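The values are calculated or read from the model by the stated rules, or taken from the named source; none is laboratory data. Quick caveat: nothing in here was measured; it's all calculated off a predicted structure. Here the Cβ positions follow ideal geometry from the backbone for every residue, glycine too, while neighbour counts run over all protein chains shown. For the accessible areas, the whole protein counts, side chains as well, though only heavy atoms, and no ligand, DNA or RNA atoms are used. Shrake-Rupley method; radii C 1.70, N 1.55, O 1.52, S 1.80 Å.
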Amino acid sequence: MSQTDVKAPSPVATFGATEASAVATRLRTTFASGRTRPVQWRQEQLEGLLRLLSEHEDELVAALGADLGRAPFEAWAADLRATGREVEDQLRHLASWMAPEKRRVPLLFRPGRAEVVNEPLGVVLVIAPWNYPVQLLLAPMAAALAAGNAVLAKPSEVAPMTSAALAKLLPLYLDPNAVVVVEGGVAETTALLEQRWDHVFYTGNGTVGRIVATAAAAHLTPVTLELGGKSPVIIARDANLKLAASRVAFSKFLNAGQTCVATDHVWVHRDVEQQFLDAIAAEVAKRYGKDPRTSKDFGRIVNTGHARRISRLLDGNGYEVALGGQVDVEARYVAPTVLRAVSRDAAVMGQEIFGPVLPVLVFDDLAEVTDAINAGDKPLALYLFTGSDETVDRVVAETSSGGICVNDAITHLLVSSLPFGGVGESGYGSYHGRAGFDTFSHRKAIYRRPSWLIDPPLLNAPYPSWKQKLVRRLF
Ligand code: NAD
């Protein structure tokens, strides 16, 4: 079973083609009225999102706890606060991002003025997954609203409590004529995808990503695909191992490993393997105690289907268990697990793990690792622990990934000045900060010339040699 085979049942389909067409038409009418364009409207929507996050913190944290067994602090930090930071960034820069940008005009085309104006795309569809169900719905929505669009938001049915809370709350804080939430699963999303949107922003697995891109292609609608993959960590011989173990533990066991940019597996230099294994075991004990099952701070797998999928990856072949290994499918519990002596054809290396299981592979020469990374799909994130700038430069130059984070993991996506997105199998397009505003804007080129000009004859026939010579110098 692949990572994409596990789905919660869809709710009864009460939302079909007729309803999808009606809601799209309603949003299109709102957009056509121009109400979403003024800066003040955009600010009000962003401020509304911030108020929603602060006034309903407890309710959203409880919903995340019910859906994902998330510790309240983790729910607040990784979903609510991460979203809040992104919205604040959009608010802070909105006016400057909306301002027209001047461009240089070549001599031959002067006098004249060239500028780029950011124009909203229109009505956009945002489809979110379940693993960070607040952040991954609201952060793209914030960028779309900042750019002046109307939005159809589709939360994930796999996190039903959070989906229901957002569907109830969003209309109370945002312009209900311009933002509509449709809950549901495959049937509802399929009906929505048959409509013409001006952009589709999808976060989730690559199998559905292909369905989304195919549906959007029928309308020539641009798409952003925020997908996943196996994000590796490289731990060089000169790495600060305590730091590496602490940050790998954070990135792997946060949300029980159900993070798109979680460390998927580790490549550690052979000379420091044992030290790293000892250090990560100490980190797990420090965070979750002797029995992580009893820790309030360790999450659960989203549903039994995903827990079963992870248990099948632990089929006993091609690895040794260095830590953990216990799985209780019915309780949706997978212990923080570290595997060593992992073979490259072990089941756990065959797909994105998306759970708290960490395979550790060893290397002698960095080229082995860069070759292995380049032989696979381009990852969403690549992490590197080293004290050497030369090693960093080499890995940056010799590999391709959505992003790289050096001596840390996951936190690069909280740096709003950096675009966040994948490449190849990990997706295309990006958002966060300015990149999000740009994703949901059309950068319209405008070239203005004065009306009093006498049409210069230089480009018009006939083309005597003096004209050709002059134009060759100016053009
Ligand atoms: P999911 O099951 O919630 O699906 C995502 C969305 O797609 C949902 O809204 C769902 O209703 C819809 N959907 C599902 N099947 C569909 C179909 N057949 N047709 C139309 N729509 C459909 O989430 P998931 O895919 O399990 O999410 C996990 C994956 O997402 C992992 O691979 C993870 O790495 C990736 N991910 C990526 C990012 C990122 O920012 N790049 C963030 C989070 C998760």
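Per-structure values
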quantity	calculated
Among residues of segment 349-373, those that are assigned to a helix (DSSP H, G or I) and under 13 Å from Thr263 (Cα atoms), counted	1
Residues of segment 377-395 satisfying the condition of being more than 16 Å from the ligand (Cβ to nearest atom) and surrounded by 14 or more Cβ atoms within 10 Å (Cβ to Cβ)	Leu384, Phe385, Thr386, Thr391, Val392, Arg394, Val395
Helices (runs of 4 or more DSSP H) (entirely within segment 384-475) containing at least 2 residues that are of a type in the set (Val, Ile, Thr)	389-398
Residues located in segment 148-167, provided they are assigned to a loop (DSSP other than H, G, I, E, B), closer than 15 Å to Gly185 by Cβ and open to solvent by less than 30 Å² (accessible area, probe 1.4 Å)	Pro155, Ser156, Val158, Ala159
Residue match in segment 115-124 (condition: outside any strand (DSSP E or B) and under 16 Å from Asp198 (Cβ atoms))	yes
Options Val117, Val87, Val105; residue that is farther than 22 Å from Arg42 by Cα, away from the ligand (no atom under 16 Å from the Cβ) and either open to solvent by less than 20 Å² (accessible area, probe 1.4 Å) or out of contact with any helix residue (DSSP H, G or I) (no Cβ under 8 Å at 6 or more places or on another chain) (or both)	Val105
Flag if Val284 is away from the ligand (no atom under 14 Å from the Cβ) and either in a helix (DSSP H, G or I) or surrounded by fewer than 23 Cβ atoms within 10 Å (Cβ to Cβ) (or both)	yes
Test: residue in segment 328-340 that is in a helix (DSSP H, G or I) and buried (at least 23 other Cβ atoms within 10 Å of the Cβ)	no
Strands (runs of 3 or more DSSP E) enclosed by segment 168-265 - at least 3 residues per element that are surrounded by fewer than 20 Cβ atoms within 10 Å (Cβ to Cβ)	none
The lone exception for Asn374 - which of (1) closer than 22 Å to Asp408 by Cα; (2) within 16 Å of the ligand (Cβ to nearest atom) it fails	(2)
Residue within segment 315-323 that is over 22 Å from Asp377 (Cα atoms), in a helix (DSSP H, G or I) and outside the structural domain of Glu194 (by TED's automatic domain parsing) present	no
Verdict on Ala71 being assigned by TED's automatic domain parsing to the domain that holds Arg196, under 27 Å from Thr190 (Cα atoms) and surrounded by 15 or more Cβ atoms within 10 Å (Cβ to Cβ)	no
Positions within segment 346-359 being among the aliphatic types (A, V, I, L, M) and surrounded by fewer than 24 Cβ atoms within 10 Å (Cβ to Cβ), in sequence order	Ala346, Ala347, Met349
